[in-house]
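The values are calculated or read from the model by the stated rules, or taken from the named source; none is laboratory data. Remember, it's a predicted structure, so these values are computed and weren't measured experimentally. Glycine also receives a Cβ, built like all others from the backbone with ideal geometry; neighbour counts cover every protein chain displayed. What goes into the accessible areas is simple: the full protein's heavy atoms, side chains included, and nothing from ligands, DNA or RNA. Shrake-Rupley method; radii C 1.70, N 1.55, O 1.52, S 1.80 Å.
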There are 2 protein chains.
Amino acid sequence: MRIIIDGFGGDHAPKAVLEGSRMAVDEYGVSIIMTGDKEQILSCAKENNISLDGIEIVHAPSVIPVDAHPQDIMTEYKDSSMAKAFELLNEGKGDAVVCAGSTGAMVVGASLMLRRIKGVRRATLAPIIPSETGCYMLMDAGANVECRPEMLVQFGVMGSVYMEKIMKIASPRVAVVNIGAEETKGRALELGVHAMMKDSDLFHFTGNIEPRYIPRGDADVVITDGFTGNVILKLTEGLGKMIGNALKDIFKSSFMGTLAGLLVLKKVKGFKKKMDYTEYGGAPLLGISKPVIKAHGSSNGVAFKNAIRQARDFVKMDVIGEITSSMEQLRQQNKERQNDGTV
Amino acid sequence: MRIIIDGFGGDHAPKAVLEGSRMAVDEYGVSIIMTGDKEQILSCAKENNISLDGIEIVHAPSVIPVDAHPQDIMTEYKDSSMAKAFELLNEGKGDAVVCAGSTGAMVVGASLMLRRIKGVRRATLAPIIPSETGCYMLMDAGANVECRPEMLVQFGVMGSVYMEKIMKIASPRVAVVNIGAEETKGRALELGVHAMMKDSDLFHFTGNIEPRYIPRGDADVVITDGFTGNVILKLTEGLGKMIGNALKDIFKSSFMGTLAGLLVLKKVKGFKKKMDYTEYGGAPLLGISKPVIKAHGSSNGVAFKNAIRQARDFVKMDVIGEITSSMEQLRQQNKERQNDGTV
């Protein structure tokens, strides 16, 4: 299997990308195609003594900045390391793309250069977030600021397939974010989705989830519009940071604290590891006709390695094929309902 | 000063309400009017040996259930302890209402029985939430699921007055929740609000706040629609609960953990106290022509005492008067702009 990786995405590129690629080649036996400025990658590998065995470099002279307009990937930055990665995937030179660059540019680039799966209205960014009891998929996490009910139904279909195939969760619980458990709560969006999801047999719909119960792990696929999803993602990160600072203050600001920290080191480390979202790799871009993984911007080598593992599983489990056939079923069902006059 | 309190709101009523009232009378020198079933209140006070000095009971035979339709407070439950509290406030028998009952019924009851301040389009529930560096006001936290830009501008005016007068923050930083810092980010709501707020001289508008920075305390008044606000409030509670469980697991599940806990007891307690939102009292209902405080449903005696203190300050600092005159200024400005043809 060949994973294509954008060598210049993320805060620690290209070094962290090289480190992650090295580990992935050694541990998973995949081969890597890395895009980006060839000279820079070679000198970075040499400086850090990273062997390029199993890593092929494909030159791309520019990098799309995180603050560039996403659409610029098709024009001003069409020779960027990100655009080149999508181009190679589209040409069949590799099986999946991993990239830690700008989310907006990735969504636009993937949607336009790789196209969407038939019937999918919008590609969605779907990070996997740790919970008290495991992890959940959040979709959409920011790719589509405003959503229509039928988009959320499609998210449910795609998220369910992903969590079953990749995270090995049997019959994933799909729930819609809402401000109350009752069917009658929420905005027009939630009311509309409820009506459309409640008799779906394509996934296991468990109704509304109140945000209070998201961290407890009451659902495996948490569905909402991209604005709300982004608020959930970013607030979770912000509160995680706040707690991290508090733990630091408790354990590191005095002799007694340091001593206490030593006594519970294993527990604290275990908690930190459990809460570390990079353990799960990156966020898949679902709805695209080829596997694309968005790695976190602050990814280190291990995070890139995990994202590559996730890309490998994405290919191996044929998630795209599964989503394609589920989307076909959804389209059939909608058609039958229209003919029945029930919609 | 006389504070009216709903004797039957919250999970621990009437005992916790009585305990909080007793403490408030003794510590703050206020007098209390408590509404609810007189016999039950008297026997609860007797059983728990709580003196009723300074506490007057006004009989109300029923209680509005938390799952009742909010509008029912005007019909089926117009003799409830909550409705009676608003009635007494409206008749001038007291200066403020504190209640831990259903938020929806409170918003409806207060809006219809006490009316809104002139020009205010919607009353808003505005809890005060602890942050790393202090606390912030979140508005709207769920009273108005869908909002228009002009409503959010009014929230900014009211929240700014409250945080300045009650929390003693000079020139509170008012920010709009958004998925990016740039002016061009967000939904129609955020774009509209930005245009209306950015040259307001009625409060200190600092632009967008990304949810990641809310817990860090980057704004004193955090403005958004009631759906998003409720998500922020509830997710913060849920993550807080998750962290509480993790700390328990670290410190209480083994001998070493207990030992470590003893070493850092003061720090952990300090952190817990800092994060305890009941320290700040309840959530004011802003936009109503009289002071109304929503106490948390799970309030204990101390939480009720703090909510009563908050109600006292609300009255003492004439927050209603200040909001009324700010709203008048806002109306004048809007009128002038319309005449200038700039709107």
- Note on the structure: Given the conditions (1) among the small types (Gly, Ala, Ser); (2) at positive phi; (3) at pLDDT 95 or above, every one holds for B:Gly159 apart from (2)
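Residue by residue, here is whether (1) assigned to a loop (DSSP other than H, G, I, E, B); (2) not hydrophobic (A, V, I, L, M, F, W, C) holds:
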| site | (1), (2) |
| --- | --- |
| B:Glu190 | no, yes |
| B:His194 | no, yes |
| B:Ser200 | yes, yes |
| B:Pro215 | yes, yes |
| B:Val222 | no, no |
| B:Ile232 | no, no |
| B:Gly238 | no, yes |
| B:Met242 | no, no |
- Of the candidates A:Lys269, A:Lys248, A:Lys274, the one satisfying the condition of being among the basic types (Lys, Arg), at pLDDT 75 or above and under 26 Å from the mean Cα position of the chain (by Cα) is A:Lys269
- Give the residue, chosen from B:Gln333, B:Gln338, B:Gln310, that is assigned to a helix (DSSP H, G or I) and in contact with a Phe, Trp or Tyr (Cβ under 8 Å, 6 or more places away or on another chain). B:Gln310
- Note on the structure: In the stretch B:27-70, residues that are in a helix (DSSP H, G or I), open to solvent by 20 Å² or more (accessible area, probe 1.4 Å) and either without any contact (Cβ under 8 Å) to a residue 24 or more places away in the chain or touching a Leu at 6+ places or on another chain (Cβ under 9 Å) (or both) total 6
- Query: Within the set of pairs 6+ apart or on separate chains, which have a first residue in the stretch A:239-251 that is within 7 Å of another protein chain (Cβ to nearest Cβ), a second that is outside any helix (DSSP H, G or I), and C-beta atoms under 6 Å apart?
  - Reply: A:Leu239/B:Pro215; A:Met242/B:Glu132; A:Met242/B:Pro215; A:Ile250/B:Val264
- Criterion (at positive phi, within 12 Å of chain A (Cβ to nearest Cβ) and over 20 Å from the mean Cα position of the chain (by Cα)) met by exactly one of B:Gly217, B:Gly186: B:Gly186
- Could you grab the pairs with beta carbons closer than 7 Å, sequence gap of 6+ or different chains, first residue in the stretch B:172-193 and without any contact (Cβ under 8 Å) to a residue 40 or more places away in the chain, second one part of a loop (DSSP other than H, G, I, E, B) and surrounded by fewer than 15 Cβ atoms within 10 Å (Cβ to Cβ)? B:Arg187/A:Glu146
- Task: Within the stretch A:192-212, identify whether any single residue is within 30 Å of B:Gly180 (Cα to Cα), surrounded by 24 or more Cβ atoms within 10 Å (Cβ to Cβ) and more than 8 Å from every other protein chain (Cβ to nearest Cβ), and answer yes or no.
- Result: yes
- Could you identify the single residue in B:Met137, B:Met163, B:Met158 that is part of a strand (DSSP E or B) and buried (at least 23 other Cβ atoms within 10 Å of the Cβ)? B:Met137
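Restricted to the stretch A:263-299, and to residues that are at the interface with chain B (Cβ under 8 Å from one of its Cβ atoms) and either in contact with a Cys (Cβ under 8 Å, 6 or more places away or on another chain) or over 23 Å from A:Cys135 (Cα atoms) (or both), which residue is least open to solvent (accessible area, probe 1.4 Å)?
A:Val264
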- For A:Ile293, are the conditions met, namely being part of a helix (DSSP H, G or I), of a type outside the set (D, E, K, R) and either modelled with pLDDT of 95 or more or not assigned by TED's automatic domain parsing to the domain that holds A:Ser200 (or both)? no
- Item | Test for B:Ser325: is it closer than 30 Å to A:Lys273 by Cα and either open to solvent by 30 Å² or more (accessible area, probe 1.4 Å) or in contact (Cβ under 8 Å) with a residue 40 or more places away in the chain (or both) | no
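Which residue, of A:Ala181, A:Ala175, A:Ala188, A:Ala123, is at pLDDT below 95, open to solvent by less than 60 Å² (accessible area, probe 1.4 Å) and of a type in the set (A, V, I, L, M)?
Within the list A:Ala181, A:Ala175, A:Ala188, A:Ala123, the selection yields A:Ala123.
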